[in-house]
Amino acid sequence: MQLSASSAAVLTLGASVAGLTGCSKVPAADGFKVLRPGDIEILRAVAPVILSGSYPGSLAADGEAVLLRSLDKVVLTLQDYARSQLVMLFDALQVAPVRAAMGAPWAGWNEMPAADIEAFLHSWKTSRIQLKRMGYASLCKLVTMCWYSQPSTFALSGYPGMPQKIPANR
């Protein structure tokens, strides 16, 4: 991950503030190996906006739980450096002053209307600041990858499923 000096400074400052508030030291939520309660709050808010009409789709009431379990599993498999960068992003997004400085609304994630979250994500997607674009790409790729890796969502993307083994003719 290449960061400009100013982007690295903003991320470091945000993570430092988050660290001072205790975000980084919070243990994983019950039933999760990596995701903390604040991370889950962020993901619950952004997933419906990122996935738009596909969420919860064919998974209905189980959609959120399936997505969060998949996200936890994927984050657990990340290399230490990548996982620490993702944790820093979540830490920064959990602290209201840092979140506001990064262009997100001041309100807590569970209080934000979908339109505000969409505007925030769009501002990160189109930002001149590389760090914001990288944060946007990381969140969106992680959420969409975990969502569309579920067999029950294959049809939504036009994927017919895993290839069937074809016996060789002898």
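Under a 5 Å amide H cut-off, with hydrogens placed 1.01 Å from N, Ser149 pairs with nothing among residues at least 5 apart or on other chains. When the Kirkwood hydrodynamic radius is evaluated over all pairs of different C-alpha atoms of the stretch 76-118, what value in angstrom, to one decimal, is obtained? It works out to 11.4 Å.
State the extension gain, in nm to one decimal, for the chain segment bounded by Val74 and Ala119, taking 0.36 nm per residue of separation less the distance between their alpha-carbons. Working it through step by step, the gained length comes to 13.5 nm. Within the straight-line cut-off of under 19 Å between alpha carbons, the lysines reachable from Lys125 are Lys141, sequence neighbours fewer than 8 places apart in one chain being disregarded.
For the listed peptides 84-90, 62-68, 25-31, 152-158, a ranking on the average number of other beta carbons within 10 Å per residue, highest first, reads 84-90, 62-68, 152-158, 25-31.
Which FRET efficiency value, to the nearest 0.05, do you get for Trp106 and Met145 by plugging their Cβ-Cβ distance into 1/(1 + (r/R0)^6) with R0 = 22 Å? Approximately 0.15, to the nearest 0.05.
The phi-based Karplus calculation (6.51 cos²θ - 1.76 cosθ + 1.60; θ = phi - 60°) puts the 3J(HN,Hα) values of the stretch 148-154 at 7, 7, 7, x, 6, 9, 4 Hz, whole numbers, x for Gly and Pro. Phi-derived couplings, Karplus 6.51 cos²θ - 1.76 cosθ + 1.60 at θ = phi - 60°, listed residue by residue for the stretch 130-144: 4, 4, 5, 4, 5, x, 4, 4, 4, 4, 5, 5, 4, 5, 5 Hz, with x used for Gly and Pro. Taking 10 °C and 1.306 mPa s as conditions, the stretch 109-151 diffuses translationally at an estimated 140 µm²/s according to Stokes-Einstein applied to its Kirkwood radius (Cα pairs). Phi angles across the stretch 108-115 convert, under the Karplus curve 6.51 cos²θ - 1.76 cosθ + 1.60 with θ = phi - 60°, into 3J(HN,Hα) values of x, 4, 6, 9, 6, x, 4, 5 Hz, Gly and Pro given as x. Averaged over its residues, the stretch 46-152 has an accessible area of 50 Å² per residue, based on protein heavy atoms and a 1.4 Å probe.
The values are calculated or read from the model by the stated rules, or taken from the named source; none is laboratory data. Bear in mind the structure is a predicted one, so any value in this text is a computation, not a measurement. Note that we place each Cβ from the backbone using ideal geometry, even for glycine, and neighbour counts take in every protein chain shown. Side chains included, ligands, DNA and RNA excluded: accessible areas come from the protein's heavy atoms. Shrake-Rupley method; radii C 1.70, N 1.55, O 1.52, S 1.80 Å.
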